[in-house]
Amino acid sequence: MKKITGIVLAAAIHSIAFSAYADGKTIELVVPFATGGSTDVYARFLAKELATELKANLIVVNRPGAGGGVGAAAVARAVPDGKTILLGTISTHAINSWIYSNMPYDPAKDFTPVAKVVAMPNVLVVRAESPIKSVDDLVNASKAKQLTFGSAGGGTTSNLAGELMKQVKPEMKLTHVPYKGSAPAITDLIGGHTDLQFDNLTSLLGQIQSGRLRALAVSSAQPSEQLPGVKPLAEQGFKGYDLQSWFGIFLPKGASAATVAELSEALKRAYAKPEFLQQIKAAGITPDLVLTPEFNRFVAAEQDKWGKVVKAANIKLD
């Protein structure tokens, strides 16, 4: 009798857990940045897999603005029925609340975290013709004269990577030069208008492979599979240095445990597919699936970490 009851209960839980996406309504995967960037590239790969796993129509919706704040706020206000999903990032959930005074959402209270899905390093690069050929060269050069580092904009990880470098080694003379996106910053670096740059691997991989840029280090504590032989900064005199640009899946606050479970299971099935993982790795994106509750703890730790870095750098964008 107990066995039969257990089977019936399991069937009931299964039925409840897999009801959120069974009505045929379109699911929106909101990318809070413009098309063409690493978040958008990844989202297009993921949307295809989730549509298959959830047996649903799923579209990618780009809502750029305010460092990802516009798209994140839109999801925070959405009905928590699982039909609106945010591809959040380190910016939307760990950095923005420290650099914007009037946030239209609370990253800690307005969402239901589901999973971390990507954790990729930034890469420290110089132009191929630069006399700086190593991290030691860079440190020595920056002690002798002021060097400039470009970024995709104030408050981005490419900005904070440089600020963190200065905080680890205050003797370095580095001046931040913000741009409106990665592309113009990279163009000026190649043209010799700036001395160095941090940026995510997706933005830089092609330029590194073509020989126009020289990779000196990765910002993560561990080496990157896509850049064999390029050591982490932490192994090149910057003890404790660790920055990873991560993406995470979030639902609006109030999403049911059943919906979170269904979405989590779909992600697990997608990440079990070698062809999916190979696609995103080829684009310079590093898969890293971490489900709740570990993901919750990770986000809280990131918020604390980058709050300290932003305050020390005195970065404010409004």
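The values are calculated or read from the model by the stated rules, or taken from the named source; none is laboratory data. Owing to the predicted nature of the structure, the values given are computational and were not obtained by experimental measurement. Positions of Cβ are backbone-derived with ideal geometry, glycine not excepted, and every protein chain shown enters the neighbour counts. Accessible surface is based on the protein model in full, side chains and every heavy atom, while ligands, DNA and RNA are left aside. Shrake-Rupley method; radii C 1.70, N 1.55, O 1.52, S 1.80 Å.
Quick notes
- L124 vs. criteria open to solvent by less than 50 Å² (accessible area, probe 1.4 Å) and part of a helix (DSSP H, G or I): no
- Set L205, L227: member being more than 23 Å from K145 (Cβ to Cβ), in a helix (DSSP H, G or I) and not basic (K, R): L205
- Taking the numbered list (1) open to solvent by less than 60 Å² (accessible area, probe 1.4 Å); (2) touching a Phe, Trp or Tyr at 6+ places or on another chain (Cβ under 9 Å) in turn, Y100 passes all entries but (2).
- For the range 264-276, a residue qualifies if it is open to solvent by less than 40 Å² (accessible area, probe 1.4 Å) and out of contact with any helix residue (DSSP H, G or I) (no Cβ under 8 Å at 6 or more places or on another chain), and exactly one does: S264.
- Matching residues, the range 62-83, being without any contact (Cβ under 8 Å) to a residue 40 or more places away in the chain and either among the hydroxyl-bearing types (S, T, Y) or closer than 17 Å to P113 by Cα (or both): G68, G69, A73
- Pairs are defined by a Cβ separation below 6 Å, a sequence spacing of at least 6 or placement on different chains, a first member in the range 271-290 that is farther than 22 Å from S219 by Cβ, and a second member that is open to solvent by 40 Å² or more (accessible area, probe 1.4 Å); the pairs so defined are Y271/L289; Q279/F45.
- Among the residues of the range 239-263, the ones that are over 17 Å from V30 (Cα atoms) and surrounded by fewer than 19 Cβ atoms within 10 Å (Cβ to Cβ) come to 8 in all.
- With respect to the conditions (1) open to solvent by 20 Å² or more (accessible area, probe 1.4 Å); (2) touching a residue at least 40 places away in the same chain (Cβ under 8 Å); (3) in a helix (DSSP H, G or I), P113 lacks only one, and its number is (3).
- Residues of the range 198-222 satisfying the condition of being surrounded by fewer than 16 Cβ atoms within 10 Å (Cβ to Cβ) and under 18 Å from the mean Cα position of the chain (by Cα): A221, Q222
- Residue that is most open to solvent (accessible area, probe 1.4 Å), among those in the range 19-61 that are touching a residue at least 60 places away in the same chain (Cβ under 8 Å) and in contact with a Lys or Arg (Cβ under 8 Å, 6 or more places away or on another chain): E53
- Residues of the range 130-181 that turn out to be open to solvent by less than 50 Å² (accessible area, probe 1.4 Å) and either assigned to a loop (DSSP other than H, G, I, E, B) or among the polar types (S, T, N, Q) (or both), as a count: 18
- Residue count, the range 291-309 (criterion: closer than 29 Å to A261 by Cα, in a helix (DSSP H, G or I) and free of Cβ contacts under 8 Å to residues at least 12 places away in the same chain): 4
- Taking the range 68-107 as the range and being of a type in the set (S, T, Y), over 15 Å from the mean Cα position of the chain (by Cα) and modelled with pLDDT of 95 or more as the test, the residues that pass are T84, Y105.
- For D288, the conditions (1) open to solvent by 40 Å² or more (accessible area, probe 1.4 Å); (2) modelled with pLDDT of 95 or more; (3) of a type in the set (D, E); (4) out of contact with any Lys or Arg (no Cβ under 8 Å at 6 or more places or on another chain) are fulfilled apart from (4).
- Condition check for A108: surrounded by fewer than 19 Cβ atoms within 10 Å (Cβ to Cβ), closer than 19 Å to W246 by Cβ and not β-branched (V, I, T): yes
- The residues on offer are P80, P64, and the sole one that is over 13 Å from Y105 (Cβ atoms), touching a helix residue (DSSP H, G or I) at 6+ places or on another chain (Cβ under 7 Å) and open to solvent by 30 Å² or more (accessible area, probe 1.4 Å) is P64.
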